[in-house]
Amino acid sequence: MLILRCPYCGNDVDETDLAPGGEAHIRRHGPGSTDAELTDYLFQRENPRGVHFERWRHAAGCGKWFHAARATDTLQVFGTYSAQTTEPPQEIRDAITKARPGWSWREFS
Ligand SMILES: [Zn+2]
């Protein structure tokens, strides 16, 4: 069972009280973007075996959206953080690097 700590209310919440929101840190394209950029935004998602950044909503609690960093292969959770960020906080990146040396943050397109 996946258990995530809601960064807003501080509760450890199991997945039955959460609603998934897909991949986090997706760059949105607006007017003036190319068809390829819009297609990527609408349809292309990462599906890694390893570190992944996801959006979750504390549906049965405070109702707020947040981001979670976890490993899809081991279900290890590296941390959760506010959804009002464009990239993971440094402490989350440090936790991932400590568990998985050689890992590095990359820009999502
Ligand atoms: Zn909450």
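Charge tally around Leu38: other residues with Cβ under 13 Å, Lys/Arg +1 each, Asp/Glu -1 each, net -1.
So what is the relative contact order of the chain, in percent, for Cα pairs below 8 Å that sit 6 or more residues apart? Please list the in-between numbers first.
Details: 165 pairs, mean separation 27.1, N = 109.
Reported relative contact order: 25 percent.
Which trypsin sites (Lys or Arg not before Pro) in region 1-107 pass both tests, a DSSP loop state and at most 16 other beta-carbon atoms within 10 Å? Provide the component values of the computation, followed by the final result.
Details: sites: Arg5, Arg27, Arg28, Arg45, Arg49, Arg55, Arg57, Lys64, Arg70, Arg93, Lys98, Arg106; in loops: Arg27, Arg28, Arg45, Arg49, Lys64, Arg106.
Within region 1-107, the qualifying trypsin sites (Lys or Arg not before Pro) (loop, at most 16 other Cβ atoms within 10 Å) are Arg27, Arg28, Arg45, Arg49, Lys64, Arg106.
For region 50-109, the square roots a ≥ b ≥ c of the C-alpha gyration tensor eigenvalues yield an a/c of 1.5 or more together with a/b exceeding b/c, which makes the shape prolate.
Between helix 90-99 and the chain there is an angle of about 70 degrees, using the helix long axis and the longest principal axis of the Cα atoms. Taking square-rooted eigenvalues a ≥ b ≥ c of the alpha carbon gyration tensor, is the chain rounded, prolate or oblate, where a/c under 1.5 means rounded and, failing that, a/b exceeding b/c means prolate? Oblate shape, in that a/c is at least 1.5 and b/c is the bigger or equal ratio.
FYI, it's all coordinate maths here, none of it is from the lab. Not measured: the values here are computed from a predicted model. Positions of Cβ are backbone-derived with ideal geometry, glycine not excepted, and every protein chain shown enters the neighbour counts.
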